[in-house]
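The values are calculated or read from the model by the stated rules, or taken from the named source; none is laboratory data. What you see is a predicted model, and the numbers here were worked out from it, not measured in a lab. No Cβ is skipped: glycine too gets one built from the backbone with ideal geometry, and neighbour counts run over all protein chains shown. Please note that ligands, DNA and RNA were not included when accessible areas were found on the heavy atoms of the full protein model with its side chains. Shrake-Rupley method; radii C 1.70, N 1.55, O 1.52, S 1.80 Å.
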Amino acid sequence: MMFTFPLHHMTALLAASPAADSPQESLRYHFAQASYLVATALFIFALKWMSHPRTARRGVLAGVIAMLAACGGTLLYYQPETYKWIAIAATIGIVAGIPLSMVALTAVPQRTALSHAFGGLAAGLVGVAKYTHWLHQPGELNSFRVGVIVLEVILGFLTFTGSLMAAGKLMEWIPTRPITYKNQNLFNFLLLGVAVVVGLLLVFWRPDAWYLMIPVVVLSLAFGVLLIIPIGGADMPTVISLLNAYAGLAAVAMGFVLENKLLITAGALDGSSGLILSVIMCRAMNRSFSNVLFGAFGTVKASAAAGEQKAYKAATAQDAAQLLEQAQLVVIVPGYGMAVSQAQHRVRELYDQLSKRGVDVKFAIHPVAGRMPGHMNVLLAEAEIPYDKLIEMDEINPEMPRADVVLVIGANDVVNPAARHDKSSPIFLMPIIDADKAKTCLAIKRSMNPGFAGIDNELYTADNTLMLFGDAKAVVGDLVKELSGQSGIH
Ligand code: NAP
């Protein structure tokens, strides 16, 4: 599991300059710098710790303490005349933040996109505010300052609208399918190119030509929207972590604008962790960045789904329980459906029942199963399934032919064999868990409907697959009842 931490959001408005006129001020300055050093170290540890479920809680705590140190040091150094506006802003942030932090696990990607949107907006607004401030102070607007402001404004505002679009797609408020048109990429890059050229005019021609800042802002906002429109919903997590990287870079630029070292380091950490996460996700899907950003993944949905429905075999919980208890090795493949139905605790009971009978039970974890990186790890950890039973895709695949039963619980795209051979499939070459190679496959889902990529799954119509239709929590509950002899049928 790997999370990126939105460091730039809270540090966005923090700044400290090295000027110190009195001994007290000098002391406060050094205290602020010391708190920044502590905060930077803790941010680094936070990212390290958050990359593993065992240490993730410690990582979150380290991030919180780091943020308190950063805010505390800054407030102490600046000693603002009034805390009124800071208190109002903090109250709004807390009131909005608490409900946002309590969303269901399945809604975390869109929640993350929203917080990136706010981070981008903060960066963009700080850039415009600082530009306006220096505009009225003769001699303050030099090319370097305007240059970093332009960078901050472009990245901040495109992150704002891009992240809003990404959240809207994930919440299905706007169509999740790629919306494409002829010469789309050319048009988008021309738009960005115009924003960059106008920005360069500001930097090198007339730093005080404030009216040029307006097209830079408007074009950046428009580019954010147009960048996301052609990208399908299934690619949103990768795009969100890429937008996280942009927001981090905007924070770095803001650090230069505000002459704040903490913002520069925090933004760099944020930007690089976002980029690394995007690379990990691209590798998990065997896709390149350009394919994610410009590949319009999911456009063939309709044609792929239009094929005739093949026959499938359905089984009862009783049949399935028998197969499971006779197995030596059972591999459970959890997916998005397990998260939706919150079946993880029932799955734990099933694990206990089978382990009690001496069945070796392993969990196959696909890096993009569910709707966010680490989704399955978090759910299974919540149900206290031992970590050593959670096996990554590359490690479990060689074992699949040895598995007597593979139990697919609400997973679809991550077990679709079309990824291996169907060149026309939108998930072609995405690494999958080889569920089809097990001796028997039991698949729990509510219908024959496709998964996130919108394509049929030949695994469900394979000769060795039995479908268990129903809500994952209810079906796994039935299996547990069968195995524990409480079903009333025994
Ligand atoms: P999936 O392909 O979305 O399939 C999930 C399946 O769960 C569906 O076919 C659905 O079938 C079933 N389901 C839904 N609710 C259920 C319930 N209550 N009980 C039982 N079954 C239920 O999921 P996946 O195999 O985990 O693959 C993840 C997909 O999402 C990939 O395409 C990935 O690229 C994409 N994605 C990943 C992330 C990430 O970072 N992990 C984020 C966003 C998108 P029924 O409707 O028939 O029940």
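Accessible area of residue 458, 1.4 Å probe, to the nearest 10 Å²?
Accessible area, nearest 10 Å²: 70 Å².
Carbon and sulfur atoms: what percent of the 1.4 Å accessible area of the chain do they account for?
64 percent
Rolling a 1.4 angstrom probe over the protein heavy atoms, how many square angstrom per residue are accessible across the chain?
Accessible area per residue: 45 Å².
If contacts are Cα pairs under 8 angstrom and at least 6 residues apart, what is the relative contact order of segment 348-415 in percent?
35 percent
Anything in the chain that counts as a DSSP H helix reaching 24 Å or more along its axis (C-alpha) with Kyte-Doolittle mean of at least -1.0? List them, would you?
Membrane-span-like by this rule: 23-49, 56-78, 84-101, 108-135, 143-170, 184-204, 236-258, 261-285.
If contacts are Cα pairs under 8 angstrom and at least 6 residues apart, what is the relative contact order of segment 127-199 in percent?
26 percent
Considering the options 165, 147, 454, tell which one lies farthest towards the positive end of the dipole of the chain, charges being +1 on Lys and Arg and -1 on Asp and Glu at the Cβ, about the Cα centre.
The residue sitting farthest along the positive end of the dipole is 147.
Given contacts defined as C-alpha pairs under 8 Å and at least six residues apart, what's the relative contact order of the chain, whole-number percent?
Worked out over the chain, it gives 15 percent.
Anything over 23 Å Cα to Cα? Flag those among 389/423; 362/423; 362/437; 84/261, in the order listed.
Pairs exceeding 23 Å: 389/423; 362/423; 84/261.
On a 1.4 Å probe surface of the protein chains, which of 292, 225 comes out largest in accessible area, and what is the full order?
Result of the area sort, largest leading: 225, 292.
Counting only protein chains, not ligands or nucleic acids, how are 310, 169 ordered by accessible area (probe 1.4 Å), most first?
My answer, sorted largest first, is 310, 169.
Roll a 1.4 Å probe over the protein heavy atoms and report the accessible area of residue 275 in Å², nearest 10.
Counting only protein heavy atoms, residue 275 exposes about 80 Å² to solvent.
In the neighborhood of residue 43, defined by Cβ-to-Cβ distances under 14 Å, what is the net charge if each Lys or Arg adds +1 and each Asp or Glu adds -1?
Once positives and negatives cancel, what remains is +2.
Using the alpha-carbon centroid of each, what span in Å lies between segment 101-159 and segment 196-219?
Using only Cα atoms to place each centre, the spacing works out to 16 Å.
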